[in-house]
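The values are calculated or read from the model by the stated rules, or taken from the named source; none is laboratory data. Because the structure is a prediction, the values reported are computed rather than measured. Heads up, the Cβs are rebuilt from the backbone with ideal geometry, glycines too, and the neighbour counts pull from every protein chain shown. To get the accessible areas, we keep the full protein, side chains included, count just its heavy atoms, and leave off ligands, DNA and RNA. Shrake-Rupley method; radii C 1.70, N 1.55, O 1.52, S 1.80 Å.
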Amino acid sequence: MNKIFSCVAMALVGMMMLSCSDERDVIGKTEVVIETSRGDITVRLYDDTPLHRDNFIKMIEEGVYEDIIWNRIVPGATIQSGEPSQKAGGAEPTVDPEKYRHRLPAEILYPRHFHKAGALAMCRQPDSINVNRESSGTHFYIVAGKTYTMGSLAETWQSRRDTEPGFKLPALSAYQKQVYTTKGGCPLLDGDYTIFGEVVDGMLVVESINKVPIDAKEHPLKEVTIKRVRIKKRG
């Protein structure tokens, strides 16, 4: 009887820990809707990356993301947009792109935020010319990702240790492994970019865009657009 009680108690503790882990990323109240030509994507912005949250809201309010294209797709990994000069249908920019070449100080909070499917992050230039890992002011990506087996996940992480100079990230946690092997993601990007939100509705749209055929430079062969981004709920 004591053994049964002990097992039940341990199971309940495990469920509580998993629940807390699931909720630890979702710590924002602001939600925005990215209206695309393939459907809507609702994203919650994190409160613990305030510089990126507030900048994203500012870009929305200034119309930077109106009628632009998804300009890069990495199959099984990410979809990228945010360049104000790349308008739908080749139209002229409605804002001055040069006004939006600013950078943001990094707010990389790994492993609290990692590249699970649905993660929203800002792009940036490589370490060789951006040692502080500052983010682009407008360019962002969403993780479509793929699911891993425990074996392929271990191989991916070991590959990073072997090939990336100065790689110092700790081993993946049990929670990260559980997410990457069930919901999927892109662990190759972990610890290198500022993640500042996550998709709470519309992952099927993200996955649909991620499957659009691309050329050798990862540019979509068929135009997919962001009609606009609107603020649904403020924190």
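A compact table of results
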item: Accessible-area ranking of LYS222, LYS87, LYS211, largest first, probe 1.4 Å; result: LYS211, LYS222, LYS87
item: Long-range HN-HN contacts of ARG228 with modeled amide H, under 5 Å; result: GLU35, ASP67
item: Amide H within-cut-off set for THR78, under 5 Å, with H built and near neighbours excluded; result: ALA144, GLY145
item: Per-residue SASA entry for ASP201, accessible area with 1.4 Å probe, Å² rounded to 10; result: 100 Å²
item: Candidate residues TYR175, TYR193: accessible-area rank, largest first, probe 1.4 Å; result: TYR193, TYR175
item: Summed residue charge, Cβ within 11 Å of ARG103's Cβ, Lys/Arg positive, Asp/Glu negative; result: +2
item: Three principal axis lengths of the chain [C-alpha, angstrom, descending]; result: 73, 41, 33
item: Long pairs among LYS58/LYS146; LYS99/LYS211; LYS29/LYS116; LYS58/LYS227, criterion Cα-Cα beyond 27 Å; result: LYS58/LYS146; LYS99/LYS211
item: Dipole-positive endmost among SER136, THR156, ILE209 within the chain (Cβ charges, Cα centre); result: THR156
item: Rough spin-label spacing in nm, given labels placed 7 Å along Cα→Cβ, for GLU92 and LEU221; result: 3.3 nm
item: Helix-only [θ]222 nm of the chain, DSSP H runs n ≥ 4, -39500 (n - 2.57) each, per residue, nearest 500; result: -9000 deg cm²/dmol
item: Local electrostatic count at PHE167 - Lys and Arg +1, Asp and Glu -1, tallied over other residues with Cβ under 9 Å; result: +1
item: In Hz, Karplus ³J(HN,Hα) per residue of region 63-73 (6.51, -1.76, 1.60; θ = phi - 60°; x = Gly, Pro); result: x, 5, 9, 8, 6, 10, 9, 7, 8, 8, 10
item: Distant-in-sequence amide H partners of GLY197 (H built 1.01 Å from N, under 5 Å); result: TYR46, LEU120
item: log10 of Debye I(q)/I(0), alpha-carbon scatterers only, for region 171-228 at 0.23, 0.27 Å⁻¹; result: -1.18, -1.23
item: Chain lengthening between ILE129 and ASP48 when straightened (0.36 nm per residue, less Cα-Cα); result: 26.5 nm
